[in-house]
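Written out below as structure tokens is the structure these notes cover.
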Amino acid sequence: MKQSLPNLAIYKDLQDYVPQYGDFVMWAGWFTTWVGVVCNYDVRTEELAIIFSGVPFVLFTLSEDEQKQETRRVSIDKVKNSTKGVWAVNRYEPKENATVWYI
């Protein structure tokens, strides 16, 4: 008897992403990967403020001063229009009662 398993991941197109405070962000380059959390989105300038770190443990244990030092501003267009696989955003979507990846 074949058992039906839940989806491994639910995902949406990164083009549909609208930033929210607390979104978990991953950036992947050729030799490194960074993780971050969205801490602000300026609708006027269309810039995301993201606190970045190399590993989640460090990211989530940064002091307030360290968070300010590690905050980078990134254009939402840069995120949405980058090569597939460079950016990924994860958030809990209450409407879907699921964690959704924007990739």
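One line per residue, one yes/no per condition, for (1) without any contact (Cβ under 8 Å) to a residue 12 or more places away in the chain; (2) within 15 Å of Val18 (Cβ to Cβ); (3) among the small types (Gly, Ala, Ser); (4) not in a strand (DSSP E or B):
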position	(1), (2), (3), (4)
Leu48	no, yes, no, no
Leu62	yes, no, no, yes
Val79	no, yes, no, yes
Lys84	no, no, no, yes
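Would a scan of the range 69-86 turn up a residue that is among the aliphatic types (A, V, I, L, M) and touching a Lys or Arg at 6+ places or on another chain (Cβ under 8 Å)?
no
Looking at (1) in contact with a helix residue (DSSP H, G or I) (Cβ under 7 Å, 6 or more places away or on another chain); (2) closer than 25 Å to Leu8 by Cα, find the lone condition where Glu46 falls short.
(2)
Consider Phe60 carefully, then state whether it is at pLDDT 95 or above, among the aromatic types (Phe, Trp, Tyr) and exposed (fewer than 13 other Cβ atoms within 10 Å of the Cβ).
yes
The values are calculated or read from the model by the stated rules, or taken from the named source; none is laboratory data. Everything numeric here is computed off the predicted structure, so don't read it as measured data. No Cβ is skipped: glycine too gets one built from the backbone with ideal geometry, and neighbour counts run over all protein chains shown.
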